[in-house]
Every structure is written in C-alpha cells, then in structure tokens.
1. Please go through the range 1-52 and give me each residue that is part of a loop (DSSP other than H, G, I, E, B), within 21 Å of Ile91 (Cβ to Cβ) and among the small types (Gly, Ala, Ser), ordered by number.
2. For Ala34, indicate whether it is at pLDDT below 95 and aliphatic (A, V, I, L, M).
3. Go through the range 14-47 residue by residue and tally those that are over 14 Å from Leu106 (Cα atoms) and touching a residue at least 12 places away in the same chain (Cβ under 8 Å).
4. Enumerate the helices (runs of 4 or more DSSP H) found wholly within the range 64-145, keeping only those where 2 or more residues are loosely packed, with under 12 Cβ neighbours inside 10 Å and at pLDDT below 75.
5. Going through the range 19-47 one residue at a time, which ones are among the small types (Gly, Ala, Ser) and exposed (fewer than 14 other Cβ atoms within 10 Å of the Cβ)?
Amino acid sequence: MARRDAETFLANHPLPDQPAPLPDLTPYLQALPAAKTPAEVSAITHQLVAATAPALDHIASHFIAVALWAGTEHRHTPQSVRLLREAALSIRTALAKVAQADLENLRAHYAPPTTSAEPTCTTSPSATTSSGPTAAAGHTAGSRR
C-alpha cells in the first residue's frame with residue numbers, strides 16, 4: 001500500500017532506481033597481500049578510509065535528516081527515530097573503530113616492550129644461552145620491518 005501511495009510523489013520526484021556505483025576496492029584488496037608490515041597495512045587502511053569516509057558520512061547525515069523529518073500529518077515513531085539515529089551513529093562509529101584498530105596495531109608494533117615483559121625474556125635460559133643478546137636484538141628489529 002505504501003508503494004501505491006508513493007507513486008504520484010515518485011512521479012514528481014524521480015529518484016534513481018539502481019544502486020549507486022560502488023567504489024573500486026580492487027587496488028586496496030590487491031595491495032593488502034603485498035603488505036609486509038603494520039605500517040604498510042596502516043597506509044592501505046588510511047587510504048581506504050579517506051576514500052570512503054565522505055560517502056559514508058553523507059549517508060549517515062541522510063539518516064539523521066530522515067530521523068528529523070516531520071510531515072504535515074505524520075511523524076516518525078520514537079522507535080524509528082532511535083533506530084535511524086543509531087544507524088547513522090553506527091556508520092560513523094565504524095570509521096572510528098577502524099582508526100582505533102589501526103592505531104592499536106601500530107602501537108603494538110612500535111611501542112617499546114613493557115617492563116613486565118623484559119624480566120621474562122632475560123631470565124629465559126634459551127634466550128640467553130642459545131643465541132645471545134645481540135642475536136635476540138637483531139631478531140626483534142627484523143621482525144618489526
């Protein structure tokens with residue numbers, strides 16, 4: 001019934017009936033397997049977020065506009081307003097979570113070891129007797145490249 005009731009409106013306000021073109025994610029997907037370090041993965045992540053954030057934010061803004069819509073006779077139910085606002089927030093939160101996950105990976109890679117982890121490494125017999133401190137330091141630097 002709603003489709004029938006909207007026919008005249010849509011005739012006066014034609015909207016696209018096909019999905020909007022999707023961004024080409026092929027370069028990001030092809031670059032990802034080639035990434036060898038957290039910095040390289042971070043670079044891909046930043047480029048992808050920068051390329052898609054404007055469109056996602058635009059969609060979130062539209063959901064807010066729909067939530068705020070007030071017709072002359074009808075308004076959204078409180079439940080639908082809440083759901084629309086949550087949907088908009090979820091889109092924006094997703095971008096923040098991607099940035100946070102990226103930062104966590106970079107911190108884990110670049111942050112110096114904590115003091116609580118050092119005694120475990122120095123007291124380990126295999127670390128001190130088999131390869132020596134110089135080899136262990138070289139291994140650590142190599143693993144972070």
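1. Kept after step one, since they are part of a loop (DSSP other than H, G, I, E, B), are these residues of the range 1-52: 1, 13-25, 35-37.
When the remaining residues are screened for being within 21 Å of Ile91 (Cβ to Cβ), the result is 15-16, 19-25.
Once the filter is applied, which keeps residues that are part of a loop (DSSP other than H, G, I, E, B), within 21 Å of Ile91 (Cβ to Cβ) and among the small types (Gly, Ala, Ser), the range 1-52 yields only Ala20.
2. On the way: at pLDDT below 95: no; aliphatic (A, V, I, L, M): yes.
Considered against the rule, which asks whether it is at pLDDT below 95 and aliphatic (A, V, I, L, M), Ala34 comes out as no.
3. Result for the range 14-47: 6.
4. Values: elements: 78-110, 117-123, 125-129, 132-143.
So the answer is 117-123, 125-129, 132-143.
5. Keep residues of the range 19-47 that are among the small types (Gly, Ala, Ser), which gives 20, 31, 34-35, 39, 42-43.
If the condition is that a residue be among the small types (Gly, Ala, Ser) and exposed (fewer than 14 other Cβ atoms within 10 Å of the Cβ), then Ala20, Ala34 are the ones that fit.
The values are calculated or read from the model by the stated rules, or taken from the named source; none is laboratory data. Owing to the predicted nature of the structure, the values given are computational and were not obtained by experimental measurement. Note: ideal-geometry Cβ built from the backbone for every residue, glycine included; neighbour counts use all protein chains shown.
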